[in-house]
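Step one of this worksheet: look at the structure below.
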Amino acid sequence: MNIFVGSLSFSVKDDELKAVFEQYGEVSSARVLTDKFTGRSKGFGFVEMPDDAAAQKAVDALNGTEIGGRAVVVNQARERSEEPRRNGGYQKRDNGFKRY
DNA sequence: ATTGAGCGA
């Protein structure tokens, strides 16, 4: 299952996130969303775990715990839409506000 | 040096 991890410390890296979740089961991929240009962390990330049972346990166990010195928010991720790939996946914003 | 709700080029 896909797991969303929010409120991450800006110092947390992919490997660190993966290491934490691996304590509860197999992790197929873990990534912290970093800004493409500044390289700075966006403060949240996603973890993919093949075993749903283990994933659910990880969510319960890790939600509210500290990673890199900050209490993180862990829950099931939304479904990433496959559709909007018209611009290489990047949606331009025509105003100052983010729109989805 | 800088930030802190939110869901991913």
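Taking label points 7 Å from Cα along the Cα-to-Cβ direction, A:ARG78 and A:ASP35 give a separation of 2.2 nm. Subtracting the Cα-Cα distance of A:GLU26 and A:SER11 from 0.36 nm times their residue separation leaves 3.1 nm of extension gain.
Couplings for the stretch A:43-52, taken from phi via the Karplus curve 6.51 cos²θ - 1.76 cosθ + 1.60 with θ = phi - 60°, read x, 8, x, 9, 10, 10, 10, x, 8, 4 Hz in order; Gly and Pro are left as x. Ranked for footprinting exposure by Cβ neighbours inside 10 Å, fewest first, A:THR38, A:THR65 give A:THR38, A:THR65.
For the stretch A:54-63, 3J(HN,Hα) computed residue by residue from phi via the Karplus equation (6.51, -1.76, 1.60; θ = phi - 60°) reads 5, 4, 4, 5, 4, 4, 4, 6, 8, 4 Hz, glycine and proline entered as x. Per-residue Cβ neighbour counts within 10 Å put A:PHE4, A:PHE37 in the sequence A:PHE37, A:PHE4, beginning with the fewest.
Fully extending the segment from A:PHE4 to A:ASN63, taken as 0.36 nm per residue of separation minus the present Cα-Cα distance, adds 20.2 nm. Computed from backbone phi with θ = phi - 60° and the Karplus coefficients 6.51, -1.76 and 1.60, the 3J(HN,Hα) list for the stretch A:26-39 is 5, 10, 7, 7, 9, 8, 9, 6, 10, 5, 4, 9, 8, x Hz; x is used for glycine and proline. Residues whose amide H lies under 5 Å from that of A:LYS42, counting only those 5 or more places away or on a different chain, are A:LEU33, A:THR34, A:ASP35; hydrogens are built 1.01 Å from N in the peptide plane. Taking amide H atoms as placed 1.01 Å from N in the peptide plane, the amide H of A:SER7 lies under 5 Å from those of A:VAL73, each 5 or more residues away in sequence or on another chain.
Coordinate-derived values only; no laboratory data. Just so it is clear, the structure is predicted and the values come from calculations on it, not from any experiment. Note: ideal-geometry Cβ built from the backbone for every residue, glycine included; neighbour counts use all protein chains shown.
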